[in-house]
Amino acid sequence: MPRKMALVDYKKCRPELCDSGSCAAVLACPHKLLRQESPFEVPMPAPSFCKGCAKCVVACPMKAIQIQLM
Ligand code: SF4
Ligand code: SF4
């Protein structure tokens with residue numbers, strides 16, 4: 001059965017445009033499924049555990065995250 005998962009479009013993601021280089025989507029995920037190694041790095045999702053709630057989608061100012069059916 002298909003599940004909803006957040007995927008980062010790395011062509012759109014611009015951490016340098018986010019506040020202090022901190023990924024707003026990382027901060028928004030209630031399950032801490034997006035990881036940013038350090039400021040100004042792109043975030044890495046852990047899609048197998050994603051709930052598809054889209055809070056990260058709403059938080060990202062660059063619209064770099066989409067929910068997709070996998
Ligand atoms: S909030 Fe969006 S643009 Fe900023 S680092 Fe996170 S995914 Fe990239
Ligand atoms: S869709 Fe929800 S659970 Fe999945 S990474 Fe985004 S905020 Fe986290």
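Treat the stretch 4-69 as a sphere of radius equal to its Kirkwood radius over Cα pairs and apply Stokes-Einstein at 4 °C in a medium of 1.567 mPa s; give the translational diffusion coefficient in µm²/s, rounded to a whole number.
For these conditions, the coefficient is 114 µm²/s.
Mean residue ellipticity at 222 nm from the helices of the chain, using -39,500 (n - 2.57) per DSSP H segment of n ≥ 4 over the full residue count, to the nearest 500 deg cm²/dmol? Can you show the working numbers first?
Numbers: 2 runs with 10 residues, N = 70.
Calculated mean residue ellipticity at 222 nm is -2500 deg cm²/dmol.
Assuming a strict under-18 Å limit between Cα atoms, what lysine pair count do you get for the chain once near-sequence pairs (fewer than 8 apart, same chain) are dropped?
10
Which value, in debye to the nearest 20, gives the size of the charge dipole of the stretch 4-69 about its Cα centre, when Lys and Arg are +1 and Asp and Glu are -1 at the Cβ?
On the way: 9 positive and 5 negative charges, 62 e Å.
Roughly 300 debye for the stretch 4-69.
Bear in mind these aren't lab numbers, they're just calculated from the coordinates by the rules spelled out. A quick note: this is a predicted structure, and the numbers were derived from the prediction, not measured. Cβ atoms come from the backbone with ideal geometry, glycine included; neighbour counts cover every protein chain shown.
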